[in-house]
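Only one structure is covered here, and it is reproduced in the block below.
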Amino acid sequence: MSACDASGESRDLFGQSLSRRTRSSARQLPLPLAWSQGGTDVTSFQVGASNRQAVEHLQRFGDWTSPASVLIGPGRSGRSTLGRMFLAAGAGELIDGLAGADEELVFHAWNRAQTNGHKLLIIADSENDLSAIRLPDLVTRMAATPLVCIAAPDACLVRDLIEHLLVQRGLMPAPQLGSYVAARLDRSYVAIHAAVDAIDAASLASGSQPGIRIARTALIDSGLYMPDATASDSPEEL
């Protein structure tokens with residue numbers, strides 16, 4: 001579980017420098033033991049500036065002063081993965097999707113967390129989901145519930161996620177492929193997954209491991225990248 005900070009230095013989940021480790025091994029660090037038990041198939045999670053606060057808050061669930069917390073993040077950002085990790089650690093209950101949840105059930109789950117000492121994690125798309133709550137008692141409780149957010153990924157996390165997701169699919173991305181894609185892709189989690197799908201399909205069609213040329217073609221064909229006349233990555237230069 002690694003990413004690089006603003007200085008470009010790779011750090012693990014606990015903020016320790018990974019400068020003495022190889023980049024490949026740094027990106028495949030296993031979860032802490034308490035986060036990887038309980039039968040979950042989650043084995044790694046890429047941490048960067050956009051999600052570090054949320055990850056560290058969830059890991060410190062034992063120190064929460066409130067029975068519950070709300071995790072807000074865009075689709076495909078890993079929010080449900082963090083929720084499964086939270087459950088695997090035996091932290092408490094999870095409500096994955098506040099907008100579609102029964103408010104009475106959320107209210108009772110919040111009360112259970114307060115009574116039994118376990119924690120409740122509620123995942124929401126945005127703060128608008130909180131504003132839409134109509135049950136008065138739940139409104140009161142949610143007003144006292146801390147919020148942690150997953151922001152849009154920075155270039156470093158885009159790079160790491162591209163390479164990590166390709167490796168998860170059994171592919172071996174060429175050196176610098178993640179950096180190449182990150183420099184040309186919209187910084188959103190949806191775009192990251194779309195790019196991985198496109199590169200995976202292009203690699204399968206070509207019968208070869210994904211390199212820069214395959215990635216470029218895949219991004220253009222899928223409409224994820226539109227090179228202009230001054231682009232310095234024409235096929236002849238790759």
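The values are calculated or read from the model by the stated rules, or taken from the named source; none is laboratory data. Because the structure is a prediction, the values reported are computed rather than measured. When we count neighbours, we look across all protein chains shown, and the Cβ atoms used for this are built from the backbone with ideal geometry, even at glycine. Only protein heavy atoms, including side chains, enter the accessible area calculation; ligands, DNA and RNA are left aside. Shrake-Rupley method; radii C 1.70, N 1.55, O 1.52, S 1.80 Å.
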Scope region 217-238; condition modelled with pLDDT of 95 or more and open to solvent by 40 Å² or more (accessible area, probe 1.4 Å); matching residues: 217, 220, 221, 222, 223, 224
Test for residue 130: is it open to solvent by less than 40 Å² (accessible area, probe 1.4 Å), among the hydrophobic types (A, V, I, L, M, F, W, C) and closer than 26 Å to residue 56 by Cβ: yes
Residue that is farthest from residue 58 (Cα to Cα) [pool: residues in region 106-124 that are open to solvent by 80 Å² or more (accessible area, probe 1.4 Å) and in contact with a helix residue (DSSP H, G or I) (Cβ under 9 Å, 6 or more places away or on another chain)]: 114
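The rows are residues; the columns are (1) among the β-branched types (Val, Ile, Thr); (2) open to solvent by less than 50 Å² (accessible area, probe 1.4 Å); (3) outside any helix (DSSP H, G or I); (4) in contact with a strand residue (DSSP E or B) (Cβ under 6 Å, 6 or more places away or on another chain).
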{"site": "47", "(1), (2), (3), (4)": "yes, yes, yes, yes"}
{"site": "56", "(1), (2), (3), (4)": "no, no, no, no"}
{"site": "62", "(1), (2), (3), (4)": "no, no, no, no"}
{"site": "70", "(1), (2), (3), (4)": "yes, yes, yes, yes"}
{"site": "76", "(1), (2), (3), (4)": "no, no, yes, no"}
{"site": "81", "(1), (2), (3), (4)": "yes, yes, no, no"}
{"site": "86", "(1), (2), (3), (4)": "no, yes, no, yes"}
Which numbered condition residue 142 misses (of (1) open to solvent by less than 40 Å² (accessible area, probe 1.4 Å); (2) hydrophobic (A, V, I, L, M, F, W, C); (3) more than 21 Å from residue 58 (Cβ to Cβ)): (3)
Residue match in region 182-201 (condition: modelled with pLDDT of 95 or more, more than 21 Å from the chain's Cα centre (by Cα) and open to solvent by 30 Å² or more (accessible area, probe 1.4 Å)): yes
Residue count for region 202-216, restricted to those that are without any contact (Cβ under 8 Å) to a residue 24 or more places away in the chain, polar (S, T, N, Q) and open to solvent by less than 60 Å² (accessible area, probe 1.4 Å): 1
Residue 25 vs. criteria in a helix (DSSP H, G or I), at pLDDT 70 or above and open to solvent by 20 Å² or more (accessible area, probe 1.4 Å): no
Residue pairs meeting the criteria (Cβ under 7 Å; at least 6 apart or on separate chains; first under 17 Å from residue 67 (Cβ atoms), in region 93-112; second part of a helix (DSSP H, G or I) and among the aromatic types (Phe, Trp, Tyr)): 94/86
Residues (among the hydrophobic types (A, V, I, L, M, F, W, C) and within 19 Å of residue 179 (Cβ to Cβ)) located in region 191-212: 191, 192, 194, 195, 196, 198, 199, 202, 212
Condition met for residue 162 (open to solvent by less than 20 Å² (accessible area, probe 1.4 Å), within 25 Å of residue 187 (Cβ to Cβ) and touching a strand residue (DSSP E or B) at 6+ places or on another chain (Cβ under 9 Å)): no
